[in-house]
Amino acid sequence: MKACTEIFQETISLIEQYFWLRNIQPLSKDDFVNKLSFVDDVYFLFAEISKYRNVLRQCVTKLYNISSFTLLPSLKSQFVFLFYVSLFGMEIFGENGLKYFLLCSKVHYSKELLRFLCTHKIISEIKSEWVSVYDETFVEEFLIKPLEKWRPTFKALQKYLESEDNTLYPRKVTGNIRKIARLAEFILYSTEIQPFVLTLPKPRSVLIPEIVIPEMQKMRDPPPSTYTQPPEISLLETEKIKNRQQIENLKIQSDKLKPRCAEAIYSDAKVIRNQNEKFSTVSLEDISKNRRKMNSPIKLESHRTSSYKRNNLSVLNKTAVVNTNVVTILREWKLYSDREREQRQN
């Protein structure tokens, strides 16, 4: 039994590897010496299977087309081996050998194979396909006659697999038998009604420890300085604002006392002066225009002016621009007030 199973598995591995190729290369027994445990038997079976390759392929294709349920593509190699044993190997293996090989596959696959071999309509259909490949005399002598000879054995195996006395594949309890068994169990072992108590809680698996929370002293309030600014900062802010106002007033007074010749370098400069406003502003566009005019080269005629005069004119036109800030304003105002005081004293 164990030897048949190993031969079945090793032959199927060779079928999966070489049978489905388009062109099978010539193989020798030495190629499988280290790979197979039953080298002679497996190599002989594979050589015979490859000899009847077209017949076995047609049988497997027909079985997959007419099957009552879906057959997996991975089972094709198993069906190739079983078809070879059923069609060409019954003289060698006999009924017992076929039983052992059917045991290696599932019961519904074995039933489907035997149903295929026992149906006259299917055999007549596949016979026409065999005639297209082989000679009609060859089909009658080597395919149909052995099949007719062993058909009673196939039918007996089919009935045996479908009967309740099956020892190869024990029949499982299904359908109504299973429902009756469950009903009997329910009647024998019915549940006992127990009172459901809501008032009594279930005991805890782990008891909660009693933790004593210590009484701590009440914390003091935060000091007022945490959320309020100190008075020194407010005094500094007021002093800064007063100094700023004083500087602005001094700037306005210095602008008033400034001579008219210092107000604009050129007549094109537009000075916006408003005594009601705190600042006197000059437009940036006018200042840029004045700078361009100041730095632009002066065009003089060569026969009227000399080079000495031209150089002096270019020097006089380039006047420096003084930017005043708060410090210079205060310094100038201090000098002016000192001079005014001296004049009054004299």
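The values are calculated or read from the model by the stated rules, or taken from the named source; none is laboratory data. What you are looking at is a predicted structure, and each value in this text was computed from that prediction instead of being measured. When we count neighbours, we look across all protein chains shown, and the Cβ atoms used for this are built from the backbone with ideal geometry, even at glycine.
Working only within the range 10-39, note down all residues that are in a helix (DSSP H, G or I) and modelled with pLDDT of 75 or more.
GLU10, THR11, ILE12, SER13, LEU14, ILE15, GLU16, GLN17, TYR18, PHE19
Please tell me if GLU91 is exposed (fewer than 13 other Cβ atoms within 10 Å of the Cβ), modelled with pLDDT of 75 or more and either of a type in the set (Asp, Glu) or touching a Ser or Thr at 6+ places or on another chain (Cβ under 9 Å) (or both). Even if it seems obvious, please write down each step before you answer.
Values: exposed (fewer than 13 other Cβ atoms within 10 Å of the Cβ): yes; modelled with pLDDT of 75 or more: yes; either of a type in the set (Asp, Glu) or touching a Ser or Thr at 6+ places or on another chain (Cβ under 9 Å) (or both): yes.
In short, yes.
Please enumerate the residues belonging to the range 120-146 that are of a type in the set (Phe, Trp, Tyr) and not in a helix (DSSP H, G or I). Give the derivation first.
Taking the range 120-146 and keeping what is of a type in the set (Phe, Trp, Tyr), we get 130, 134, 138, 142.
Scanning the range 120-146 gives a single hit, TYR134.
Please find, among LEU117, LEU102, LEU98, LEU113, the residue that is buried (at least 17 other Cβ atoms within 10 Å of the Cβ), touching a residue at least 60 places away in the same chain (Cβ under 8 Å) and among the aliphatic types (A, V, I, L, M). Break it down into steps so the answer makes sense when it comes.
Values: LEU117 fails: touching a residue at least 60 places away in the same chain (Cβ under 8 Å); LEU98 fails: touching a residue at least 60 places away in the same chain (Cβ under 8 Å); LEU113 fails: touching a residue at least 60 places away in the same chain (Cβ under 8 Å).
Result of the check over LEU117, LEU102, LEU98, LEU113: LEU102.
Are there any pairs, at least 6 apart or on different chains, whose C-beta atoms fall under 8 Å, with the first in the range 124-148 and farther than 16 Å from SER86 by Cα and the second part of a helix (DSSP H, G or I) and charged (D, E, K, R), and if so, which?
These pairs meet every condition: GLU125/LYS62; GLU129/LYS62.
Considering only residues that are β-branched (Val, Ile, Thr) and more than 60 Å from the chain's Cα centre (by Cα), look in the range 221-260 and name the one that is farthest from ARG331 (Cα to Cα). Quick ask: steps written out before the conclusion?
Kept after step one, since they are β-branched (Val, Ile, Thr), are these residues of the range 221-260: 226, 228, 233, 238, 241, 247, 252.
From the residues that got through so far, the ones that are more than 60 Å from the chain's Cα centre (by Cα) too are 238, 241, 247, 252.
On the way: THR238: 23, ILE241: 20, ILE247: 11, ILE252: 15 Å.
Per the criteria, the residue is THR238.
Between residues in the range 326-343 that are closer than 14 Å to LYS258 by Cα and surrounded by 13 or more Cβ atoms within 10 Å (Cβ to Cβ) and residues that are of a type in the set (S, T, N, Q) and at pLDDT below 90, which pairs lie under 9 Å by C-beta distance while being six or more apart or on different chains?
Matching pairs, first to second residue: ILE329/SER254; GLU332/SER254; GLU332/THR324; TRP333/GLN253; TRP333/SER254; TYR336/SER254.
For the range 64-119, give me every one of the helices (runs of 4 or more DSSP H) that falls completely inside it and has 1 or more residues that are closer than 15 Å to ILE7 by Cβ. Walk me through it before giving the result.
On the way: elements: 76-87, 90-103, 107-118.
Result: 76-87, 90-103.
Filter the range 53-76 for residues that are within 18 Å of HIS108 (Cβ to Cβ), in contact with a helix residue (DSSP H, G or I) (Cβ under 8 Å, 6 or more places away or on another chain) and polar (S, T, N, Q) and give the result.
If the condition is that a residue be within 18 Å of HIS108 (Cβ to Cβ), in contact with a helix residue (DSSP H, G or I) (Cβ under 8 Å, 6 or more places away or on another chain) and polar (S, T, N, Q), then SER67, SER68 are the ones that fit.
Under 9 Å by Cβ, and 6 or more places apart or on different chains, what pairs join a residue from the range 240-262 that is surrounded by 11 or more Cβ atoms within 10 Å (Cβ to Cβ) with one that is among the charged types (D, E, K, R) and part of a helix (DSSP H, G or I)?
SER254/GLU332
Would you point out which residue out of LEU82, LEU72 is exposed (fewer than 13 other Cβ atoms within 10 Å of the Cβ), modelled with pLDDT of 80 or more and at negative phi?
Going through LEU82, LEU72 in turn, the sole match is LEU72.
Considering only the range 201-258, state which residues are part of a loop (DSSP other than H, G, I, E, B), basic (Lys, Arg) and modelled with pLDDT of 85 or more.
Listed by number, the residues that qualify are LYS218, ARG220.
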